[in-house]
Structure formats: structure tokens, C-alpha cells
Amino acid sequence: NEKDSKGISWTKAYTPWKFKEDAQDANRGTVAKIDMFWWKGYKSYDATWDYDKVANEYKRSTGGIPHEDIGTNTQLSAKNVVVQFVKETGPVDGHKHMLYETIGTGDALIFMDGQSVEGTWSKKTRTSRTIFKDDKGKEIIFNPGVIWIEAIPKGNAVTY
């Protein structure tokens, strides 16, 4: 269904992300591992992405073990991994759930083709597209395929 409850197409004000072809083998980088940490004492939530240069994709592990799709028993993978640094609030209940602010602006790290790009993110409203830009203000052009966005608290460590 491409129309909302008022009969207006959701694509009317939709801004799609931009895509390019995967980098050729010779132009792929050497950023082979991305480690990110959420909270001290909760290592089972820590995530690692290992870069497979031949497939030009990243494979995800959580808590030190491969993160698998429960339906296919295959390790989760993505062509693009974005780390979006956001404001964390909480815990907001007895189960220690946290809230993450994804409207506004902030810093970002973008990984694709074995390379890293330092940049920013911005999102004007709840229903608008998040825009990712490099450090020169140019919009990121992604590889076709899965884009995985890791929203992590500002100031948390990401090593690569």
C-alpha cells in the first residue's frame, strides 16, 4: 500500500538514499574489523563486524559469537555498516530499557568496501529519512544491499 490514511502516497516527500556499485577488488580497503561496546559489564551486547574482502560484506557477531538469523541459521551480514552516535536516556523501566534519540543531528561512522568514513547524521522528523554525510558535507552513496545501522550512545568506543 503506497498511500496513507488520507490517500496521499508515502513516496510524495520520500528522499531515497543514493547507491553506487561495489568498489573493485583493487579499491577495497583494509579495515577488517569493527568493534563496538555498549555498557560496561554487559559484554553479551557488544558487537563485532568482520569484513570479508572477497564478498565485500561485513559479518556480525554479538557477545563474541556469530549473530545468526534464527530462520536460516546463517550469520547476519551487511554491505554497509553505519554507526550512528545518539543520546541515550534511561533506564526507563525496571527491565533497564533505554531510549535513543534519533531525531536531530550527530556524529556517524560509515563502513563499506573495507573503508571507514567519519561523518554526520541528521533527521528532521520521525517520518523523514536519516541523511548521512561525510566530513566534507557530501551525502554518503551506499553499496546496494543491506545497510545496518548501529545506534549507540554518544561517547561509546568503536575501534577499527
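Observations on the structure shown:
- Count of residues meeting criterion [open to solvent by 50 Å² or more (accessible area, probe 1.4 Å), touching a strand residue (DSSP E or B) at 6+ places or on another chain (Cβ under 6 Å) and over 23 Å from D113 (Cα atoms)] in region 63-98: 4
- Pick from region 24-48, criterion basic (K, R) and outside any loop (DSSP other than H, G, I, E, B), ranking: farthest from E88 (Cα to Cα): K33
- Condition check for S128: more than 19 Å from M36 (Cα to Cα) and small (G, A, S): yes
- With respect to the conditions (1) open to solvent by 50 Å² or more (accessible area, probe 1.4 Å); (2) not in a strand (DSSP E or B), N156 falls short on a single one, namely (1).
- The residue of region 1-12 that is nearest to the chain's Cα centre (by Cα), among those that are surrounded by 11 or more Cβ atoms within 10 Å (Cβ to Cβ) and in a loop (DSSP other than H, G, I, E, B), is W10.
- On inspection, I141 fails the criterion of being more than 16 Å from K18 (Cβ to Cβ), modelled with pLDDT of 95 or more and open to solvent by 50 Å² or more (accessible area, probe 1.4 Å).
- Residue, least open to solvent (accessible area, probe 1.4 Å), within region 48-62, restricted to residues that are closer than 15 Å to V146 by Cβ and hydrophobic (A, V, I, L, M, F, W, C): W49
- Every pair of residues 6+ apart whose Cβ atoms lie under 7 Å, when the first sits in region 47-62 and is within 13 Å of D113 (Cβ to Cβ) and touching a residue at least 60 places away in the same chain (Cβ under 8 Å) while the second is open to solvent by 40 Å² or more (accessible area, probe 1.4 Å) and among the hydrophobic types (A, V, I, L, M, F, W, C): Y51/A32
- Qualifying residue in region 30-44 (condition: in contact with a helix residue (DSSP H, G or I) (Cβ under 9 Å, 6 or more places away or on another chain), of a type outside the set (A, V, I, L, M), under 18 Å from S116 (Cα atoms) and crowded, with 16+ Cβ neighbours inside 10 Å): yes
- Count of region 100-138 residues which are in contact (Cβ under 8 Å) with a residue 40 or more places away in the chain, over 19 Å from D46 (Cβ atoms), more than 13 Å from the chain's Cα centre (by Cα) and open to solvent by 20 Å² or more (accessible area, probe 1.4 Å): 3
- Test: K59 is at pLDDT 95 or above, more than 24 Å from D107 (Cβ to Cβ) and in a strand (DSSP E or B): yes
- Pairs, first farther than 20 Å from K43 by Cβ in region 140-159, second part of a strand (DSSP E or B) and open to solvent by 60 Å² or more (accessible area, probe 1.4 Å), C-beta under 6 Å, six or more apart: I141/K18; F142/F19; P144/F19
- Filter result for the condition that a residue is more than 24 Å from Y14 (Cβ to Cβ) and modelled with pLDDT of 95 or more, over K123, K136, K96: K136
The values are calculated or read from the model by the stated rules, or taken from the named source; none is laboratory data. Not measured: the values here are computed from a predicted model. Cβ sites come from the backbone with ideal geometry, for glycine too, and all protein chains shown count toward neighbours. In case anyone asks, the SASA skips ligands and DNA or RNA and just uses the protein heavy atoms, side chains included. Shrake-Rupley method; radii C 1.70, N 1.55, O 1.52, S 1.80 Å.
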